[in-house]
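Asker: Okay, here's the structure, questions in a sec.
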Amino acid sequence: MDEREPRSPDEQEELDARPAWQRMKEGWYDKVPLNVRQLDVIIALGLIGLAVVAVLIFLDASGVF
């Protein structure tokens, strides 16, 4: 058997073809005890909430309310 030394982080990064942002995002997913679908739904709801708030601010500034 050919025993290999553990790979350094630099070598692992070179072998990993995923972009850095994707590895970072997956690292965040690993820290949260939810599956990816649940986390994506939570993120989508947050973005929708931000959009609603932005529209309400715009309507208030334009004098609709």
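The values are calculated or read from the model by the stated rules, or taken from the named source; none is laboratory data. Values in this document were obtained by computation on a predicted structure and should not be read as measured data. Backbone-built Cβ (ideal geometry, glycine too); neighbour counts: all protein chains shown.
Asker: Select from segment 15-55 the residues that are of a type in the set (Val, Ile, Thr) and not in a helix (DSSP H, G or I) and list them in ascending order.
Answerer: Once the filter is applied, which keeps residues that are of a type in the set (Val, Ile, Thr) and not in a helix (DSSP H, G or I), segment 15-55 yields only Val32.
Asker: Let me ask another. Pull out all pairs, ordered by first then second residue, where Cβ-Cβ is under 7 Å, the residues are six or more apart or on different chains, the first lies in segment 8-32 and is of a type in the set (Val, Ile, Thr), and the second is part of a helix (DSSP H, G or I) and modelled with pLDDT of 70 or more.
Answerer: Val32/Leu39
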